[in-house]
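The values are calculated or read from the model by the stated rules, or taken from the named source; none is laboratory data. Computed from a predicted model, the values in this text were never measured in an experiment. Positions of Cβ are backbone-derived with ideal geometry, glycine not excepted, and every protein chain shown enters the neighbour counts.
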Amino acid sequence: MSESPSIQIIGHGLAGAILAETLSVAGLTLSVFDDGGRASSQVAAGMFTPLTGQRMIASWALDEALPEVQQFYPALEKSSGGSFFHPQSTLRIFRSQKEADEWHSRGDQRFTQSIDASAFPFHLPFGACEITGGGWVNLPPMLEALKKRRQEQGQWGKRDQADITLWAEGVRASENPLWKDVGWRNAQGDILTLHIPGLAEDRIYNFGKFLVPLGNQRFRCGATYAWDEPSPEPREAGRTEIETSLSEILQLPFEVCDHQSGLRPVAIARVPVAGPHPEQSDQWIFNGFGSKGVLLAPWMAERMRAYIQTGTPLPKECIAARRIQRQRDREKTRRIKHR
Ligand SMILES: Cc1cc2nc3c(=O)[nH]c(=O)nc-3n(C[C@H](O)[C@H](O)[C@H](O)COP(=O)(O)OP(=O)(O)OC[C@H]3O[C@@H](n4cnc5c(N)ncnc54)[C@H](O)[C@@H]3O)c2cc1C
């Protein structure tokens, strides 16, 4: 590879956009092409949180990824004059005594603290805690600002020739013959926009589902996970699931203003996938961010930059060639077993 290869990025969702910005700032020659297809980044709630899941476990690569979040988005806001980064704590509502006990007994209390939640308008039989260090990013205006920047810098569109084609296609990778062997298990998600007069807008609320404050008494509420659902279209069952969960816990009336949905690009290994294809060394991928794109993309983009410019290896779990080989081996074993 030349020391400064020219790069064609395909896809300008949050993965392609953050990668393009990172590589452009580092002085690499690039262009971005997006055919205007459906992007899950346009419907995502945009949250990043240090602790995930029912057990509030630290996210994969948290110690590397979180400092990049705190650096990348504020710097981008400053240089673009936009406003889309919202660091905010989360009121984490326990849904069972087991969840509450687990939190009380954990040794590592990083990112959590006690909170008197009695004044919040929620049904709280098991109490709550506060998660710090997270927040959310309003992705559509950020992507618009980055698109404008690429256009102004002559980095928008398809080049005739590039040393590397870098695919950041989101869920469409699972249909691309080059990348289908990575192994995908995409997850459809429904998300609602609600009007909730009287609910404080200074934090995110999490009760298995989430409420993200948008301003003017509006909140995004979601999201569902429908695994292996091929259609990105909104599902009535998804809307009902969200409304039911919220009604059980919120002691205020709410009104549904909008219902959106999308497909999350989830790789079977559940961590992002990056780098060159095992057989076609000029074809690269940057994908598989699942529901952690906002947290992981800035750090992974920086790792890609370092790999391109200095040969610093990518995190081993993410290396595309390795992942493809593993998945092919798995498939082979499965076929032999089913003979
Ligand atoms: C309901 C819901 C809620 C979510 N909430 C969160 C959240 O709170 N936090 C979080 O981090 N993540 C969340 N996610 C996940 C998040 O959306 C994804 O991690 C992230 O958006 C993936 O970005 P991407 O760039 O890989 O894909 P996308 O955003 O889908 O972008 C892919 C882009 O590539 C383009 N493209 C694809 N193929 C081609 C091609 N061949 N030629 C040209 N262009 C092409 C498409 O037009 C599209 O613009 C949520 C997802 C859903 C569905």
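Quickly run through region 240-291 and pick out the residues that are outside any loop (DSSP other than H, G, I, E, B) and within 11 Å of the ligand (Cβ to nearest atom).
Result: ILE242, HIS259, GLN260, SER261, GLY262, LEU263, ARG264, ALA267, VAL273, ILE285, PHE286, ASN287.
Look through ALA187, ALA200 and report the one residue that is of a type outside the set (D, E, K, R) and within 13 Å of the ligand (Cβ to nearest atom).
Criteria check complete, one pass: ALA187.
Check GLN327 against each of (1) in contact (Cβ under 8 Å) with a residue 12 or more places away in the chain; (2) surrounded by fewer than 17 Cβ atoms within 10 Å (Cβ to Cβ); (3) part of a helix (DSSP H, G or I) and name the one condition it does not meet.
GLN327 satisfies every listed condition except (2).
Determine, yes or no, whether GLU77 is within 29 Å of GLY189 (Cα to Cα), acidic (Asp, Glu) and away from the ligand (no atom under 16 Å from the Cβ).
Judged against the criteria, GLU77 is a match.
From the residues in region 159-173 that are over 22 Å from LEU295 (Cα atoms) and modelled with pLDDT of 95 or more, which one is nearest to the ligand (Cβ to nearest atom)?
So, considering only residues that are over 22 Å from LEU295 (Cα atoms) and modelled with pLDDT of 95 or more, the one nearest to the ligand (Cβ to nearest atom) is THR165.
Quick check on GLY208: is it in contact (Cβ under 8 Å) with a residue 24 or more places away in the chain and within 12 Å of the ligand (Cβ to nearest atom)?
no
Report yes if THR333 is without any contact (Cβ under 8 Å) to a residue 12 or more places away in the chain, within 16 Å of the ligand (Cβ to nearest atom) and part of a helix (DSSP H, G or I), otherwise no.
Answer is no for this residue.
Taking SER118 and the conditions (1) crowded, with 17+ Cβ neighbours inside 10 Å; (2) in a loop (DSSP other than H, G, I, E, B), which numbered condition does it fall short on, given that it satisfies the others?
So SER118 meets the others, but not (1).
Taking strands (runs of 3 or more DSSP E) that fall entirely within region 1-88, which contain at least 3 residues that are under 24 Å from GLN280 (Cβ atoms) and in the same structural domain as THR312 (by TED's automatic domain parsing)?
The strands (runs of 3 or more DSSP E) meeting that bar are 6-10, 29-33.
Can you tell me which condition SER231 does not meet? The list is (1) at pLDDT below 95; (2) crowded, with 23+ Cβ neighbours inside 10 Å; (3) not acidic (Asp, Glu), and all the others hold.
That leaves (2) as the condition not met.
So, in region 88-105, how many residues would count as being more than 23 Å from PRO213 (Cβ to Cβ) and either under 22 Å from the mean Cα position of the chain (by Cα) or surrounded by 13 or more Cβ atoms within 10 Å (Cβ to Cβ) (or both)?
4
Under 9 Å between Cβ atoms, which residue pairs at least 6 apart in sequence (or on different chains) link something in region 56-79 that is surrounded by 13 or more Cβ atoms within 10 Å (Cβ to Cβ) with a partner that is of a type in the set (Phe, Trp, Tyr) and part of a helix (DSSP H, G or I)?
What qualifies is MET56/TRP103; ALA61/TRP299; GLU64/TRP299; ALA65/TRP299; LEU66/TRP299; GLU68/TRP299; VAL69/TRP299; PHE72/TRP299.
Does region 45-67 contain any residue that is more than 8 Å from the ligand (Cβ to nearest atom), over 17 Å from the mean Cα position of the chain (by Cα) and among the small types (Gly, Ala, Ser)?
No, region 45-67 contains no residue that is more than 8 Å from the ligand (Cβ to nearest atom), over 17 Å from the mean Cα position of the chain (by Cα) and among the small types (Gly, Ala, Ser).
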